[in-house]
Amino acid sequence: MRVAQVGSVLAIVCLSTVALDRSHASQSETCDPNANPPNPPLTEALGCLDPPTLPSPLSTTTCEQLSNETLGTCYQFDVIGCPSVRGSNYRLRTISVKLKIVEPTPGVLERGTILLLGGLGGTGAWELASTIPSAPVTANTASRDVIVALQDLGFRTVQVVWAHSWWDVDDTTSLQSATNVEQEGLVRTSCRSASLLQWVYKFYVDCATCSAGLAFCATGNSAGSSQIAYALSKHGLGSGSNPTVDHAVFSSGPVFADLYEGCQPNFADPAQADDYRYLPNSKSLLDLAFGEVGGSGPCSDISYSPSKSCDPSPCNTDTEVLLDASSNVHSDGTFLYDHTKITTLTAPECANATTCNSGTSTVTEGDEKPGSLASAIAFWEFMDSLDPPVSLFPDRVTISGQEHSLPARPGGAKAIRDSLILDCYARP
């Protein structure tokens, strides 16, 4: 495993919190996507949401279509203004996002807000993990039960559903033929997720009339956990002068600790504990973050050459440099989360390469995709190796009898729920 070297920092020991009630308030920040620089980003190098305050809710029918569940109210936004590799006069293309919000149970003292992020490109609701027809037969309503339990304890939950993969350069899976290649990469495209996290924090936890002592936490499965990891390490939401996230629960991830290793040919061998290699369909999806049609970009082909001219020119033809710059661990960033508690949850390692890497058959219960597991462990070990320990002493738990989609299994869902209940509280 190749590990970046980062200096040490003193960790802040967590203090107990006092949960207080609060009145609803709106956010006044605005964002001009044509301004140079963005005006005003909520933190450096972030974009913002349009509209800047909560819009009218979507219809009940539209909301139910996100997950076939009636619980919650849905709203739609555009994320705008994120910086682009093309230069200071350009921004990432606008991406639409729907938020499905479940308020705390009436009469229960409000404790805070928890963001829930689904896997892959984030185009499905987190609770879909146990409601879609292809979910494991043992799923029942595991992930939905987590939301209800948190609601009854005074937490608001916010599920994030992107219109297309949060890392896509363009708004379609087949890039416009007239455009040049824009090698944005995952660090830049993750600005969208970080901007959303910051908006939710500002709107529900840190607004002018919000009560003191409210927590802001987040959990994501697989690539959903990577959205949180990028927000923390690359966009300043876990430390520094503007910390945001009190507790982050990574389930089966983060999966982008080392893209160069993950994008190597073939797929992971479960006999090799540090084998990161992704499945072919995952590599094809990741190509879209670099402005290439899936299957022809730097993750699908380590020796790739850009398909056309790049904007800006010249193209970056060093695939290792290009992919390292998009990785959670290897690219520059702040890894010393002096405000955020990190918990990593994974299933046991897979023992059958054919079953776990086929990309077509269901992974058997008790098996974690080896590439995902290697990346998750690498990220956690990197955090844990810093001296003195940071991230308020990171935890890693292996949950027996589970598989990659932890929220879909009762055991995995319970572990996520219990971790949030234990450690989701406001930190100084």
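Which residues, taken from the stretch 224-243, are more than 20 Å from residue 395 (Cβ to Cβ) and at pLDDT below 90? Within the stretch 224-243, 234, 235, 236, 240, 241, 242 qualify. The set of residues in the stretch 245-265 being over 16 Å from residue 379 (Cα atoms) and either out of contact with any Ser or Thr (no Cβ under 8 Å at 6 or more places or on another chain) or surrounded by fewer than 24 Cβ atoms within 10 Å (Cβ to Cβ) (or both) consists of 264, 265. Looking only at the stretch 85-95, decide whether some residue is surrounded by 14 or more Cβ atoms within 10 Å (Cβ to Cβ), modelled with pLDDT under 75 and part of a loop (DSSP other than H, G, I, E, B). No, because not a single residue in the stretch 85-95 is surrounded by 14 or more Cβ atoms within 10 Å (Cβ to Cβ), modelled with pLDDT under 75 and part of a loop (DSSP other than H, G, I, E, B). Can you find even one residue in the stretch 150-159 that is in contact with a Pro (Cβ under 9 Å, 6 or more places away or on another chain), among the basic types (Lys, Arg) and either at pLDDT 75 or above or not in a loop (DSSP other than H, G, I, E, B) (or both)? Yes, that holds for at least one residue. Taken as a whole, the condition of being more than 22 Å from the chain's Cα centre (by Cα), over 23 Å from residue 164 (Cα atoms) and assigned to a loop (DSSP other than H, G, I, E, B) applies to residue 303.
Being surrounded by fewer than 20 Cβ atoms within 10 Å (Cβ to Cβ), at pLDDT below 80 and not in a loop (DSSP other than H, G, I, E, B) is true of residue 354.
Considering 42, 58, 46, the condition of being modelled with pLDDT of 85 or more, assigned to a loop (DSSP other than H, G, I, E, B), under 19 Å from the mean Cα position of the chain (by Cα) and surrounded by 14 or more Cβ atoms within 10 Å (Cβ to Cβ) is satisfied by 46 alone.
The values are calculated or read from the model by the stated rules, or taken from the named source; none is laboratory data. What you see is a predicted model, and the numbers here were worked out from it, not measured in a lab. Ideal geometry is used to build each Cβ from the backbone, glycine not excepted, and the neighbour counts take in all protein chains shown.
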